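For reference, the structure discussed in these notes is given below.
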Amino acid sequence: MNRASHRHRLGNTAAVVTALLSVAAALTAGHLVAALTEPRASPHVAVGNVAIDLAPRPVKELAIDLFGTSDKLALLVGMGLVIVLLATAGGLASRRTPLPGSVLITGFGVLGLVAAASRVGPDPLALTAPLAATLAGLGVFGWLHRTAPSVPPDSEAARTEPRRHAEEDGTTGLVGTTSGRRRFLVSGASVALASGAAGTAGQLLGDARGVSRSRKAVELPRPEVEAPPIPEGADFARSGAPSFITPNSEFYRIDTALRVPRVPTSEWRLRVHGMVEREIELTFDELTSRRLLAKPITMTCVSNPVGGSYVSTAEFLGVPVRDLLAEAGVRDGAEQVLSTSVDRFTAGTPIEALTDPDRDALLAVGMNGEPLPVEHGFPVRMVTPGLYGYVSATKWLTDLEVTTWDNRPYWAKRGWALRAPVKTQSRIDRPTGFEKIPAGRITVAGVAWAQHTGVERVEVRVDEGSWRRAELSEPVNKDTWRMWRIDLDLPPGGHTVESRATDRSGYTQTAKRAPTVPDGATGWHSVFFTAR
Ligand SMILES: Nc1nc2c(c(=O)[nH]1)N[C@H]1C(S)=C(S)[C@@H](COP(=O)(O)O)O[C@H]1N2
Ligand SMILES: [Mo]
């Protein structure tokens, strides 16, 4: 054996860093390969799930008591600590030779293999991730171990004062040590970066694939009462108004999620609690085995400016919220239901709006005949006719707490109104602003909404002339929008057209301009165009 390799001995820090980085490389490589092949075979995920299965009941109950819904996170953190401890010990044991660390990594690998095989079953795909993890771990460990700078045996000084030592030693230690250190730093940093990238990519990819698989597997149950078919006369799309049903891909989208939550149905749970006689906890199957309703509902965002596009209609399929509240038994004094999403968004909905047998607030699972799209709250969201979305339409729903208004919801804490019924509004879709159209007979068309009251009338005026009644599309229900259109004969030149809606309570859309904050914009939509 030559002198150099005989003298290769790692300092404590280098040894521990080497071991920790190797384990990180192993786990993240395994996670990424699992995402590409079989997500359940990701080594730490498989081991964690086996641990959950094997844990005795009292341990599980204790974990839930201690950590509540964060019990899975707690398990992962606990596993992380054990791994860090073992890796540290393995690193320290490998200062002279990489053998102990390699044995440890192989041991982790075998554990991952057994766990993955037991979770996935006899499928060769189950083996790829643990194998990739083991190879990555061993490879990185061997490489970093070789790259790590040597510490001369039994020299305290060497660790603290490498320069003096190197000079005394008469070797090229000064140069060697510094560039060796740098090389080790660079190698270590690249392993850390690559692991971070692999882990993130694996997580994003795995989540996306997991949820799209879960969504494809959903078989929507039939509603107890089918919604009547949408009459042809509900649509003025040919005149330039939007289509009555908004296709899912065009439905407006508003949320605070930087990244859309990805919740497979198998992981979804709903808790109904607070001021109730009986708490309820439901799985997705338990929810969808209840009575479902199908109903077209027009949703609107409070941030929709006059003339804006944050308004859309879909046929939602879901369980009436009032059924669940009746099951739970709402106690006296309750004022709102605070709904919470998996990403901690909250909305507060007045209890009357949810218990009202005439208003079909739903825990929706279906949208236009499909499971909810992921961006629109898969697997379960709330939809409440007649209220702006921020107080009534929590997506990725996981918790319903019956409580009082003392408990402030997300947007109420940020200056928006606590109660927010949708305001009666209308919008002009044709002509569009500054459009140039042939003079003579022109069609002006648009949409109006007054959810839970119903649109009664839409009027149009040009250049501040007299108001004229527009033709209205066939009503579908009082919770959906109505289309309108009117033919006008106009001379060449610039014109301004305005519209105003009147609802079934007799209220006419006000001309008074109000901003969206705190409870929804008002004013007439006006469009300038040129006829020539
Ligand atoms: N989890 C969650 N749910 C949410 C929101 C949110 O930010 N997070 N935004 C609300 C708002 S402000 C509106 S208008 C509706 C929009 O629903 P959509 O994106 O399906 O159109 O969702 C509501 N539900
Ligand atoms: Mo909104």
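The values are calculated or read from the model by the stated rules, or taken from the named source; none is laboratory data. Remember, predicted model here, so these are calculated numbers, not experimental data. Glycine gets a Cβ as well: all are built from the backbone with ideal geometry, and neighbour counts include every protein chain shown.
Structure data summary
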| quantity | calculated |
| --- | --- |
| Some residue of region 234-243 being within 16 Å of ligand 2 (Cβ to nearest atom) and either within 18 Å of GLU370 (Cβ to Cβ) or under 25 Å from the mean Cα position of the chain (by Cα) (or both) | no |
| Condition broken by GLY233, with the remaining ones in (1) assigned to a loop (DSSP other than H, G, I, E, B); (2) more than 16 Å from ligand 1 (Cβ to nearest atom); (3) under 30 Å from ASP429 (Cα atoms) satisfied | (1) |
| Residue in region 418-430 that is nearest to ligand 2 (Cβ to nearest atom), counting only those that are farther than 23 Å from VAL330 by Cβ and not polar (S, T, N, Q) | VAL422 |
| Filter pass, VAL402 being more than 16 Å from ligand 1 (Cβ to nearest atom) and closer than 30 Å to GLU279 by Cβ | yes |
| Unmet criterion (only one of (1) more than 16 Å from ligand 2 (Cβ to nearest atom); (2) among the small types (Gly, Ala, Ser); (3) at pLDDT 95 or above) for ALA393 | (1) |
| Residues of region 276-310 satisfying the condition of being within 23 Å of the chain's Cα centre (by Cα), part of a strand (DSSP E or B) and within 16 Å of ligand 1 (Cβ to nearest atom) | ILE297, THR298, MET299, THR300 |
| Criterion (free of Cβ contacts under 8 Å to residues at least 60 places away in the same chain and of a type outside the set (A, V, I, L, M)) met by exactly one of PRO56, PRO39, PRO43 | PRO56 |
| Filter pass, ARG419 being surrounded by fewer than 20 Cβ atoms within 10 Å (Cβ to Cβ) and free of Cβ contacts under 8 Å to residues at least 12 places away in the same chain | no |
| Selection status of ARG9, in contact (Cβ under 8 Å) with a residue 24 or more places away in the chain, within 26 Å of the chain's Cα centre (by Cα), farther than 20 Å from LEU193 by Cα and surrounded by 13 or more Cβ atoms within 10 Å (Cβ to Cβ) | no |
| Qualifying positions in region 178-211 - surrounded by fewer than 19 Cβ atoms within 10 Å (Cβ to Cβ) and touching a Phe, Trp or Tyr at 6+ places or on another chain (Cβ under 8 Å) | SER187 |
| Answer residue from region 396-412, given it is hydrophobic (A, V, I, L, M, F, W, C) and more than 16 Å from ligand 2 (Cβ to nearest atom) and is surrounded by the most Cβ atoms within 10 Å (Cβ to Cβ) among those | LEU400 |
| Selection from region 439-456 of residues that are in a strand (DSSP E or B) and over 16 Å from THR480 (Cβ atoms) | GLY440, ARG441, ILE442, THR443, VAL444, ALA445 |
| Residue match in region 267-275 (condition: under 15 Å from the mean Cα position of the chain (by Cα), within 16 Å of ligand 1 (Cβ to nearest atom) and aromatic (Phe, Trp, Tyr)) | yes |
| Members of region 261-294 found to be more than 21 Å from ARG40 (Cα to Cα) and in contact with a Phe, Trp or Tyr (Cβ under 8 Å, 6 or more places away or on another chain), listed by number | ALA294 |
| Where a residue in region 380-398 is more than 8 Å from ligand 1 (Cβ to nearest atom) and its partner, wherever it lies, is among the aromatic types (Phe, Trp, Tyr), with Cβ under 7 Å and at least six apart | VAL380/TRP268; VAL383/PHE316 |
| From the options VAL33, VAL23, VAL17, residue that is under 14 Å from ALA148 (Cα atoms) and out of contact with any Lys or Arg (no Cβ under 9 Å at 6 or more places or on another chain) | VAL17 |
| From GLY440, GLY446, GLY433, residue being buried (at least 22 other Cβ atoms within 10 Å of the Cβ) and either within 15 Å of ligand 2 (Cβ to nearest atom) or not assigned by TED's automatic domain parsing to the domain that holds ILE254 (or both) | GLY446 |
| Enumeration of residues in region 238-268 that are surrounded by 15 or more Cβ atoms within 10 Å (Cβ to Cβ), modelled with pLDDT of 95 or more and not in a loop (DSSP other than H, G, I, E, B) | SER239, ASN248, THR265 |
| Residue match in region 401-417 (condition: assigned by TED's automatic domain parsing to the domain that holds ALA334, under 14 Å from VAL321 (Cβ atoms) and touching a Leu at 6+ places or on another chain (Cβ under 8 Å)) | yes |
| Single match in SER249, SER309 (criterion: within 16 Å of ligand 2 (Cβ to nearest atom) and either assigned by TED's automatic domain parsing to the domain that holds TYR410 or on the phi < 0 side of the Ramachandran plot (or both)) | SER309 |
| Residue in region 342-379 that is farthest from ARG271 (Cα to Cα), counting only those that are within 11 Å of ligand 1 (Cβ to nearest atom) and of a type in the set (Asp, Glu) | GLU375 |
